[in-house]
Amino acid sequence: QVQLVESGGGLVQAGGSLRLSCAASGSIFSLNAMGWYRQAPGKQRELVATITSDGSTDYADSVKGRFAVSRDNAKNTVYLQMMSLKPEDTAVYYCNAEIRRSWLRGADDYWGQGTQVTVSS
């Protein structure tokens, strides 16, 4: 079994910063891409940032220059450093990871439980 456990959400004023963490644990043969998505009330889940196993990153246009995604492969952990936060960044943030559980099978998608980020104006 595989688990993704997120931490670091909370309430922050506009212009502030937060750092999210997501640790993968369990039966993991290899971790491929990891990333963060978010879902605001009444909206669809959207991509925020992704990072491949070799460190290549991709960002939504709305967060470029303000958010930074990174990972620690030794700890099976992905981070999202969020700066210059805006009220429109308010959402539940979900961690995602492509994980192979054995050499016999391909990668499956796993999701964390979500962590609330609220930015007040």
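The values are calculated or read from the model by the stated rules, or taken from the named source; none is laboratory data. Quick caveat: nothing in here was measured; it's all calculated off a predicted structure. With ideal geometry, Cβ positions are generated from the backbone for all residues, glycine too; neighbour counts draw on all protein chains shown. With ligands, DNA and RNA removed, areas are computed over all heavy atoms of the protein, side chains included. Shrake-Rupley method; radii C 1.70, N 1.55, O 1.52, S 1.80 Å.
In region 13-121, what percent of the accessible surface is made up of carbon and sulfur (1.4 Å probe, ligands and nucleic acids excluded)?
Details: 2650 of 5690 Å².
Heavy-atom surface of region 13-121 belonging to carbon and sulfur, 1.4 Å probe: 47 percent.
When the chain is treated as a Gaussian network with alpha carbon springs shorter than 10 Å, the biggest mean-square fluctuation among Gln44, Gln81, Gln13 belongs to Gln44. Restricting to Cα atoms and excluding each atom paired with itself, what does the Kirkwood estimate give for the chain in Å? This gives a value of 14.5 Å. Translational diffusion of region 15-58, estimated by Stokes-Einstein from the Kirkwood radius over alpha carbon pairs at 37 °C in a medium of 0.692 mPa s, is 257 µm² per second. Among Ala74, Ala60, Ala40, the largest mean-square fluctuation in a Gaussian network model of the chain (Cα springs under 10 Å) belongs to Ala74.
In terms of packing, defined here as the mean over residues of other Cβ atoms within 10 angstrom, the peptides 26-37, 105-116 line up highest first as 26-37, 105-116. The relative contact order of the chain comes to 36 percent, based on Cα pairs under 8 Å that sit 6 or more residues apart. Taking θ as phi - 60° and the Karplus parameters 6.51, -1.76 and 1.60, the scalar couplings of region 3-8 work out to 10, 10, 10, 9, 7, x Hz in sequence order, x denoting glycine and proline.
GNM remark for the chain: springs join alpha carbons under 10 Å apart, and the peak mean-square fluctuation among Gly55, Gly42, Gly16 falls on Gly42.
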